[in-house]
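The values are calculated or read from the model by the stated rules, or taken from the named source; none is laboratory data. Every value quoted in this text rests on a predicted model; they were computed, and no experiment measured them. For neighbour counting, all protein chains shown are included, and Cβ atoms are generated from backbone atoms with ideal geometry for every residue, glycine included.
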Amino acid sequence: MSASSIASTVNIATILLIIIAIIIVFYALRAVRIIRPYERGVVERLGKYQRTWEPGLHLLIPFIDRVTKVDMRENVVDVPPQEVITKDNVAVTVDAVVYYEATDPFKLIYNVTNFYLAATKLAQTNLRNVVGEMQLDECLTSREKINITLRDILDDATDKWGVRVVRVELQRIEPPADVTSAMHRQMKAERERRAMILEAEGDRAAAIARAEGTKQSAILEAEGKATAIKEIAEAEKQQTILLAEGESRAIKNVFEAVHEGRPTDDLLAYRYLETLKLVADGNATKIFMPLEMQGLAGVVGSIGELFKSTQETPAIKPPADPAAPSGSKA
C-alpha cells in the first residue's frame, strides 16, 4: 500500500472515531437525567407509563424512554375578574386566586390536559355559584366563608387530577359605583347615629353622676348636721348637768352653813318679810301669796312676838330696815 492510501485510511478511521465519540457523548447526555428535590419524573417507555422517578440522578434509554418532570411546589392560579350577580340582584366584580400543590404526578399528567386552564374555569364557575347564593352585605362581610367554601369545592373537584387546593383568596369584591356611594352614605349615617347614641349615653352618665354627687353631698350634709346637733345636745346636757351639780353643791353648802349657824325664829321671820317686800316691789299687778295660810299666820305671830320682845327689852334692837314703815305695831 502506498503512503497516500495509508494516510487516507487513517483519516477515515479518525473521522469514524470522532463520530462515534460524538454519538457516545450525545447518548450519555440523553441518557442521564437529574431530578431536583422539588420535582418528580414520570417515565414512559415506548408511549407506556413505566415508573416515577424520585429526586436524584437517573439513566434512561434514549429514543425509547421519555421523562416528564412535574413541579411539586405550591403554585398559584390567578382567576380573572368576572361579573357575578348576587342573590339581591347586584352585579359585583369578583377577583380571586387559587393556591394548589401537586400530590400525584401520574394523575396530573394523565387525567387533565391543561390543568391551569381547567382550574381557572372551575374556579370561575364555582365562584359564580357561591357568590350568587349570598346577599351583597353578606358577600362583603363573609370573605372567609367564601374562601373556605370555594376551597372545599375545588379540592374535591381537583382530587382526581392529583392536585390539592391549599387555599382560595378573594382579591377584591367591587360593587357598582352607585351601590358603593349608597354604602358610603349608609356608613356615614350609621356612624352619626352611633355618635349621637354615645353622646346621649355620655350625657346620661354625666347627669347620673351629678345626681349621685348631689345625693351624696346632701347625705353628708345631713349627717354633718345630725352630728352637730348631737354634739350640741351633748354639750347642753353636760352644761345642765354641771349647772345642776353646781346648784346642788351651792344648796348643800348653804344648807350646811344655815345648820351650822343655828338661826333663830326671829331671824327667819325677819328674812321672810324682806323677801316678801322684794316680791311686792315691782310693776306687776299680781302678788303670789303662800297657799298655806296657817303658815302665814304663824309667821305673822312670830313677827308680833318679835316686836313685843323688842319693846320689853330696849337694849336689844333689831337692825334698822330703811324699807320698814316707822311706828308699825303688831
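Residues in region 106-147 that are of a type in the set (Lys, Arg) and without any contact (Cβ under 8 Å) to a residue 12 or more places away in the chain: LYS121, LYS145.
The number of residues in region 167-192 that are farther than 17 Å from ILE85 by Cα and either over 38 Å from the mean Cα position of the chain (by Cα) or at pLDDT below 85 (or both) comes to 6.
Of all the criteria given as (1) crowded, with 20+ Cβ neighbours inside 10 Å; (2) within 15 Å of ILE173 (Cα to Cα), the one not satisfied by TYR100 is (2). The set of residues from region 158-204 being among the aliphatic types (A, V, I, L, M) and surrounded by 12 or more Cβ atoms within 10 Å (Cβ to Cβ) comprises VAL163, VAL165, VAL166, VAL168, LEU170, ILE173, VAL179, ALA182, MET183. Could you identify the single residue in ASP104, ASP88 that is acidic (Asp, Glu) and in contact with a helix residue (DSSP H, G or I) (Cβ under 7 Å, 6 or more places away or on another chain)? Unique residue meeting the criteria: ASP88. Residues that are in contact with a strand residue (DSSP E or B) (Cβ under 9 Å, 6 or more places away or on another chain), loosely packed, with under 14 Cβ neighbours inside 10 Å and either of a type in the set (Ser, Thr, Tyr) or within 20 Å of ASN147 (Cβ to Cβ) (or both) within region 86-97 comprise just one, THR93. Screening ASP137 with (1) touching a helix residue (DSSP H, G or I) at 6+ places or on another chain (Cβ under 8 Å); (2) at pLDDT below 90; (3) closer than 30 Å to SER181 by Cα gives one miss only, at (1). Taken together, ALA235, ALA250, ALA226, ALA207 contain a single residue that is at pLDDT 90 or above and surrounded by 10 or more Cβ atoms within 10 Å (Cβ to Cβ), which is ALA207. Anything in region 98-127 that is part of a helix (DSSP H, G or I) and under 16 Å from ILE148 (Cα atoms)? List them, or say none. Correct list: LEU122, ALA123, GLN124, THR125, ASN126, LEU127.
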